[in-house]
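Here the structure is laid out as structure tokens; the discussion comes afterwards.
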Amino acid sequence: MRLFVGIPLADHIRAELGALVERLRHGSDNLRWSVPDSWHITLQFLGNAGEEQLDCLLARLDEVRSAPVPVRLGALGTFESAGIVFVDVEVAQALATLQRQVVAATAKCGFVAEERPFHPHITLARVRDRRRFRGLTLPRSGRQGPPQFTRFEAREFLIYESFTEPSASRYEVRARFAL
């Protein structure tokens, strides 16, 4: 099974992102938009794991202690090399601390943290043809200007299992951990 640890989004944030995506969809036929149920903030991608590792994760992640984490979304951006359009998530101290605790807990189960810096974001779309992604100008969000999002408090983090399907990835929650 392919696993990752992430923070689910508050309902009002999914609604705000949904309204933004509706405005951005027009004139962006090279983008495949992700569905709101898939939106999350990844704390750590784990990759392939067996049942024993999942059991270890359940025990170690249950030991993570944190107060609810304030989350604020930022600007639209792109990862050109991966062909992704995303909304940035501000790296506040509480979020960075939670992410480090998750990485430390998963290391006890044999998982290795990525070497690149933590860059939390929410993937909104993937490019259909990466050759056409270079120089992509993000669709304008209209007269409203840059998106503005309300804050929310993350009150839990989850282990998700990822399933790759022809149309998109699908995620199922394997476990929940309260903050």
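Relative to the longest principal axis of the Cα atoms of the chain, the long axis of helix 11-25 lies at roughly 30 degrees.
When the alpha carbon gyration tensor of the chain is reduced to an equivalent ellipsoid, its three semi-axes come out at 29, 19, 14 angstrom, largest first. Inter-label distance, E63 to E51: 2.4 nm, where each label sits 7 Å from its Cα along the C-beta direction. With a Förster radius of 35 Å applied to the beta-carbon distance between S169 and D11, the computed FRET efficiency rounds to 0.95.
In the elastic network of the chain, a GNM with C-alpha springs shorter than 10 Å, the most mobile of V102, V35, V85 is V35. Placing +1 on the Cβ of every Lys and Arg and -1 on the Cβ of every Asp and Glu, with nothing else charged, gives the chain a dipole about its Cα centre of roughly 720 debye. In plain terms, the chain from A107 to Q148 could stretch by 11.2 nm, reckoned as 0.36 nm per residue minus the Cα-Cα distance. Using the charge dipole of the chain (Lys, Arg: +1 at Cβ; Asp, Glu: -1 at Cβ; taken about the Cα centre), state which of T78, Q93, A104 has its Cα farthest towards the positive end. Checking the options against the dipole of the chain, the answer is T78.
Helical runs assigned H by DSSP (4 residues or longer) give the chain a calculated mean residue ellipticity at 222 nm of -7500 deg cm²/dmol, each run adding -39500 (n - 2.57) before division by the residue total.
Each reported figure results from applying straightforward, stated rules to the coordinates on display, with no laboratory input. Remember, it's a predicted structure, so these values are computed and weren't measured experimentally. Reconstructed Cβ throughout: ideal geometry from the backbone, glycine too, with neighbour counts over all protein chains shown.
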